[in-house]
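Step one of this worksheet: look at the structure below.
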Amino acid sequence: MTTISAPAAQSRAAGLVRFVAAVVSALTVAAVGAALGAWLGWRGAPALPTDAAVLALVQPAAPDARLTVVARHDAPFAYEHTPGPMTWLIGDDDYNAGAVVLTTGTPLDTLRAGLAAQGWHTSDDPAYQGIAASKGEWSVHAYPAHVDGSPTDRHTAEVVAVDFGRAEPARVGPLTGAGYLLGLVAGWVLTRRANRYVLAAGLFLLLPGTVVTTGDLIAARTLPADVTPPALWGDYLFFGIRALTTVGLFVMAVALLLDLRGARRARPA
C-alpha cells in the first residue's frame, strides 16, 4: 500500500488550488476580452436611416398596410432612458440595441411573406413568438405587441411591432473570438504573476459578469441566423453588475500594478 507523506499531499493540494485559480482567472479575463472584442467590432456601425427611409424600406413588404413609427433609438447599443448618476454607478436593465420601432396591423405571416418577396432572408424567432429578417447591413424583428410597440403574446396582441435595426457587422465574430483567446492567455498568465489575494478579490467581483457573458456567448450560437445578438459587453452594464465590474476591474488593475512594481524592484541595478 502506497502512502503519501503530508508534505506531498499539501503540495498536491496547493497545485490543484493553483490550477483551479488559473482556470477561473483565464475564463474571467476571456469573458472580458470577448466583450471588448465585440465592442470594437460594433464601432463604425452604420447610422440608422431616417424614419421616412425606414418606412420606404419596409412598406413594400406590406403595401396595403399602414405603418406607424412609435419609437426610435439611434445608438447601436445604449440605455434606452437617459442615464443618470445611479445608472452610471450601478447600471440598469434597459441597455438594448438601437432601432426604429414601427407598428402595423399586418399579420406576421403576411409580413414575412412580403419581406421574403423583397429579398429579405427570414427565420422564426420563437423567443418573441415572431419573425426575424436580414438583408445586407439591416435587420428586422417583428413580433406581437401592444400599440406602443412593447412585446406581448399572440393572444393579447393589438398590433405587430417591427423593429428595424442593424445586422451584426461581420467583423464582430472574429474580434470576439480573438478577444476571448487573448483573454484566456492573459488570465492564465496573471495567476502566475499577480498578488493572489488581490487577484482573488477581483475575480470574485467579476464573477457575475463572467457567468452572464459566458452564457450569452453560448446562447448566441443558438440564435436564429437573422436575429442580431445582444451586446456582449452589455452584460457588464446590467443593474448591479456594472458596479461589481467597475470595482473588479480596478482591483485587477491593482493586482497587475503590484506585480509590475514588484518586478521592477527585483530587477538588478
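The values are calculated or read from the model by the stated rules, or taken from the named source; none is laboratory data. Not measured: the values here are computed from a predicted model. Glycine gets a Cβ as well: all are built from the backbone with ideal geometry, and neighbour counts include every protein chain shown.
Give me the residue from segment 187-219 that is at pLDDT below 90 and of a type in the set (G, A, S) and, out of that set, nearest to A255 (Cα to Cα).
So the residue we want is A194.
Does D153 qualify as being touching a strand residue (DSSP E or B) at 6+ places or on another chain (Cβ under 7 Å), surrounded by fewer than 15 Cβ atoms within 10 Å (Cβ to Cβ) and at pLDDT below 95?
Yes.
Can you work out which of the residues in segment 116-129 that are at pLDDT 90 or above and not hydroxyl-bearing (S, T, Y) is surrounded by the most Cβ atoms within 10 Å (Cβ to Cβ)?
W120
Would you mind stating whether L182 is surrounded by 15 or more Cβ atoms within 10 Å (Cβ to Cβ), closer than 30 Å to A253 by Cα, at pLDDT 95 or above and not hydroxyl-bearing (S, T, Y)?
yes
Would you mind telling me which numbered condition in (1) within 12 Å of V58 (Cα to Cα); (2) in a strand (DSSP E or B) I131 fails?
For I131, the exception is condition (1).
Specify which of the listed residues (R192, R221) is in contact with a Lys or Arg (Cβ under 9 Å, 6 or more places away or on another chain), assigned by TED's automatic domain parsing to the domain that holds F19, surrounded by fewer than 21 Cβ atoms within 10 Å (Cβ to Cβ) and not hydroxyl-bearing (S, T, Y).
So the residue among R192, R221 that is in contact with a Lys or Arg (Cβ under 9 Å, 6 or more places away or on another chain), assigned by TED's automatic domain parsing to the domain that holds F19, surrounded by fewer than 21 Cβ atoms within 10 Å (Cβ to Cβ) and not hydroxyl-bearing (S, T, Y) is R192.
Here is a list: A113, A201. Which entry is free of Cβ contacts under 8 Å to residues at least 60 places away in the same chain and farther than 26 Å from D235 by Cα?
A113
Select, from V162, V172, the only residue that is in contact with a Leu (Cβ under 6 Å, 6 or more places away or on another chain) and on the phi < 0 side of the Ramachandran plot.
Exactly one residue qualifies, and that residue is V162.
G91 fails exactly one of the following numbered conditions: (1) surrounded by 18 or more Cβ atoms within 10 Å (Cβ to Cβ); (2) at negative phi. What is the number of that condition?
(2) is the only condition that G91 fails.
Here is a yes/no grid of residues against (1) buried (at least 17 other Cβ atoms within 10 Å of the Cβ); (2) under 26 Å from the mean Cα position of the chain (by Cα); (3) not hydrophobic (A, V, I, L, M, F, W, C):
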position	(1), (2), (3)
S25	yes, yes, yes
V29	yes, yes, no
V32	yes, yes, no
G41	yes, yes, yes
A52	no, no, no
R66	no, no, yes
R72	no, yes, yes
H81	no, yes, yes
G84	no, yes, yes
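So, P60, is that one under 26 Å from G119 (Cα atoms) and more than 18 Å from the chain's Cα centre (by Cα) or not?
yes
Any chance segment 130-138 includes a residue that's of a type in the set (K, R), surrounded by fewer than 22 Cβ atoms within 10 Å (Cβ to Cβ) and under 20 Å from L55 (Cβ atoms)?
Among the residues of segment 130-138, at least one is of a type in the set (K, R), surrounded by fewer than 22 Cβ atoms within 10 Å (Cβ to Cβ) and under 20 Å from L55 (Cβ atoms), which makes the answer yes.
So, in segment 168-179, how many residues would count as being surrounded by 19 or more Cβ atoms within 10 Å (Cβ to Cβ) and aliphatic (A, V, I, L, M)?
2
Please indicate, with yes or no, whether at least one residue in segment 156-175 is at pLDDT below 95, polar (S, T, N, Q), assigned by TED's automatic domain parsing to the domain that holds H121 and not in a helix (DSSP H, G or I).
Scanning segment 156-175 turns up at least one residue that is at pLDDT below 95, polar (S, T, N, Q), assigned by TED's automatic domain parsing to the domain that holds H121 and not in a helix (DSSP H, G or I).
Mind counting the residues in segment 81-101 that are over 22 Å from L206 (Cβ atoms) and in a helix (DSSP H, G or I)?
1
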